[in-house]
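Scroll down for the structure; my scribbles are underneath it.
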Amino acid sequence: MKYWKHHSESDLIFDPRFRKATKMMKVLSAGFEELFPEEDMKNKLIDAEIYLGSLHGEIEPTFNYLKGLAESEVGRPFLFQNSLHHSTTGFLTQQYQLLGPAYSLCGIENAQVELLMFSLSQSLLNKKNQLLIYCDSFPIDLAELTEFESETKCEILYLAEDTLQNYQWIKQEDSSCVEVDSFEKFYQVINSRQSFTLTQNQAQMSFVAKNESC
Amino acid sequence: MAQLINDSHSVYVTGSMAIHPFGMGIQSLWEACINKSRAFQEGLLYISKDLTEKCRGEFNLFPQKPLVKEVIQNDLLIWSLYSLKKVINESQLPLSNRDGLIIATTTGLTRIWEQGLLSHFKNEPVTGLLYQPLGGFAGEINQQLGHCGPLQVVSSACSAGTQAIGLGRSWIKSGFVERCFILGAEQICNLTRSGFKSLSLVSGNDCVPFNEERSGICLSEAVGALVLEGKNRGKAVMTVEGYGSASDGYSMTSPKPDGSGPYNSMSAALQDANISSRQVDWIHAHGTGSLHNDRAEAAAIKKLEILSPVSSTKGIHGHSLAASGVLETILCEEAFLRQQILESSFSEPKHFTININDRSRPSQLDYIIKNTLGFGGINASLVLGRVSK
Amino acid sequence: MDREKLSLEVKSLIIDAVNLQHMTVDSIQDDASLYQDGLGLDSVDILEIIVAIENKYNVKVPNAESGKKAFQSIATIVDFIVSQNSGTTH
């Protein structure tokens, strides 16, 4: 298990590989390279499942595309290509030759919890390495009109196939489990082998650490 | 842990509903495919206003006060809420927090957002702009249905619909939910209409997949809703037997020409279903009518040595992006029911040496593969099976 | 129109349009291919350049075929702009 969080606007050196990349793609690539500097690690990821969640997706190129369209009635192909929610995920798979299933999910309330719910329900069925990514970047022009912050956020959580081997999933709700509400919390909980619960809407997913009471 | 996992291999499709440019329900679309209807105008195909009004009239679609008033006028929400209410009613079990809802869309409520932005660019008072196009769409549906179980939005480009079905199947098999509603929803908006054009992908005329005279894709709108359950409560004709998804790792806008992506997703789905490629009776292809798509998909089918007939029906109903995987899965359900396969629309003169199906006809159907390929190089395939009587 | 000046303008416009910040106008040859063995651009880059050129010089690529011909190198783009502009003066 590995975890990475973007802290400051990293000074991403201009790299021709990233000339078409959006801010989110650049930050994500920087995080990916920091988290997996070794070649053999990248090999482990070749067929990993990728889950990328975002509240706003690539809203900046979408906004700029529509702005260009309103101003000149001409749409710029780059911006459209980057406007899709899957473009960030697709960019990562293309850049690092990741060939596994990749999912672009749109956060509703708490994107990180929603991603964990998806990835854990999958891992109950087939054990695979998983890469969970949360990222958001809201354009400044639009942030001025809304209550959203324009800060770029990116967090990456790598779950090796055996991460949950000491856990078992239970159906009943149990309030004594630790509520996980972020990747960071999940990372801590797993490292200290605590039992935990994920909640969305009124649905709960509870995992108890084996040989320990919740 | 083991006792919570659904032991039976199959996940049943116990209900479905579709709204598309030819009407409501899947029969009208099936007939349009049989009759070879040509309805595109400048490469676009819309759902009619009359149909939208009909949907609005039948149920109380907005029992709750919407978060933003514009949504009551939004066609996509009307089609979506109508379809979901219809399948929930027919499912005859009230909603509980053990029901999941997975929504596949690439643009959601972008139509509303575009209107808000346009007034912003013209320095007019802005309405509706705060609305998140995808999460807001899901939130509104959740609220209007009074759904209280797990909810997710899949937006992996044109593979989102099939991925949503595959993921819903996992939710059921892992015991996380007992029933899962899948919604594929797509409305044509300025972003997609002009965007695909900017990439020179839209056909000015018709959509003719696998035809050597192809000229590109035709965009359309559609909503498809499915109910998935681990048990057959009596009327299911189709199961979701297997699912696979894979990335190309190649390009943002075109599939890898060797077809390795769809090859990997189909192989994974066959392995998941535990059947061989020889047992597949029909492939309902993604077949968008763009050279890059058709070439890669045909290469993948060839490499898998599948000799069974292959059809794309996008020449009739066009490409409804994230909704296409769900809509076309419902067409496959109808195929199982009728034990008939559809012809690949307007595929003459053929371009490929795979077995492109040139005639709608009766056929023994036990297994169908449904493929989708999407931007960013994302492929997803389903193995659908017939429920034996 | 001064061909040399136009050629420099086109190079600088391409650098901006497809973010070739690792290149300068001096490092691009007039006859270098826009594709693999030259600037290494792909088909979406070319579409992006077409949009930029059309906007700036008020020209129009009539169809995909002639677009392919005109957008091979800096020299062919310059030829295209010159021919289109001389056409409109008649």
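Key figures
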quantity: Cβ neighbours within 10 Å from other chains - mean over B:129-136; calculated: 6
quantity: As computed over chain A, the Cα convex hull volume per residue (Å³); calculated: 139 Å³
quantity: Rg to Rh quotient for segment C:50-90, alpha carbon positions, Kirkwood Rh; calculated: 0.93
quantity: Zero-based 20 Å bins, Cα pair distances in the protein assembly as shown, whole percents; calculated: 18, 53, 26, 3, 0
quantity: Residues whose placed amide H lies under 5 Å from that of B:Ile341, excluding near-sequence neighbours; calculated: B:Arg361, B:Ser363
quantity: Chain C: relative contact order as a whole-number percent, Cα under 8 Å and 6+ apart; calculated: 32 percent
quantity: Beta bridges by DSSP in chain A, antiparallel share as percent, to the nearest 5; calculated: 60 percent
quantity: Distance violations [Cα-Cα > 26 Å] among B:Lys49/B:Lys86; A:Lys5/B:Lys65; B:Lys303/B:Lys350; B:Lys173/B:Lys314; calculated: A:Lys5/B:Lys65; B:Lys173/B:Lys314
quantity: With Cα atoms, 0 to 90° folded angle of helix A:86-96 axis to chain A main axis; calculated: 80 degrees
quantity: Translational diffusion coefficient (Stokes-Einstein; Kirkwood radius from C-alpha pairs) of segment C:9-90 at 25 °C, 0.890 mPa s, in µm²/s; calculated: 191 µm²/s
quantity: Calculated log₁₀ intensity ratio I(q)/I(0) where the Debye formula runs over C-alpha points of segment B:202-317, q = 0.09, 0.10, 0.15 Å⁻¹; calculated: -0.29, -0.36, -0.79
quantity: Most to least packed among C:29-36, B:305-312 [average Cβ atoms within 10 Å]; calculated: B:305-312, C:29-36
quantity: For B:Val153, distant residues with modelled amide H under 5 Å away; calculated: A:Cys106, B:Ile103
quantity: Angle in degrees between helix A:111-123 and the longest Cα principal axis of chain A, rounded to the nearest 10; calculated: 60 degrees
quantity: Euclidean distance of C-alpha centroids, segment C:3-51 and segment B:93-169, integer Å; calculated: 40 Å
quantity: Exercise: per-residue mean of other protein chain Cβ atoms within 10 Å, A:133-146; calculated: 1
quantity: Highest to lowest packing among B:125-132, B:62-69, scored as the average C-beta count within 10 Å; calculated: B:125-132, B:62-69
quantity: Of B:Cys207, C:Phe71, B:Phe346, farthest towards positive along the dipole that unit charges on Lys, Arg, Asp, Glu beta carbons give the protein assembly as shown; calculated: B:Phe346
quantity: Test item: A:118-126 mean partner chain Cβ contacts at 10 Å; calculated: 6
quantity: Whole-Hz ³J(HN,Hα) from phi, Karplus 6.51 cos²θ - 1.76 cosθ + 1.60, for segment B:249-255, glycine and proline x; calculated: x, 10, 8, 6, 10, 9, x
quantity: Label zone at A:Asp162, where the point sits 7 Å out along the Cα-to-Cβ direction: segment A:179-193 residues whose backbone N lies under 19 Å; calculated: A:190-193
quantity: For A:Ser121, B:Ser83, B:Ser10, order by how many other beta-carbon atoms lie within 10 Å, fewest first; calculated: B:Ser10, A:Ser121, B:Ser83
quantity: Kirkwood hydrodynamic radius of segment B:155-236, from inverse mean 1/r over distinct Cα pairs, in Å; calculated: 15.4 Å
quantity: Loop-resident sites, segment A:1-57, for trypsin sites (Lys or Arg not before Pro), counting at most 16 other Cβ within 10 Å (DSSP); calculated: A:Arg19
quantity: Percent of beta bridges antiparallel (DSSP, the protein assembly as shown, rounded to nearest 5); calculated: 65 percent
quantity: Estimated FRET transfer efficiency (B:Gln64, A:Asp40; beta-carbon r; R0 51 Å; 0.05); calculated: 0.45
quantity: Peptides ranked, highest mean first, by Cβ atoms within 10 Å: ranges C:40-53, B:27-40; calculated: C:40-53, B:27-40
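Laboratory data are not the source of any read-out in this text; all were calculated from the coordinates shown. This one's a predicted model, so the numbers in the text were calculated from it and none came from an experiment. Backbone-built Cβ (ideal geometry, glycine too); neighbour counts: all protein chains shown.
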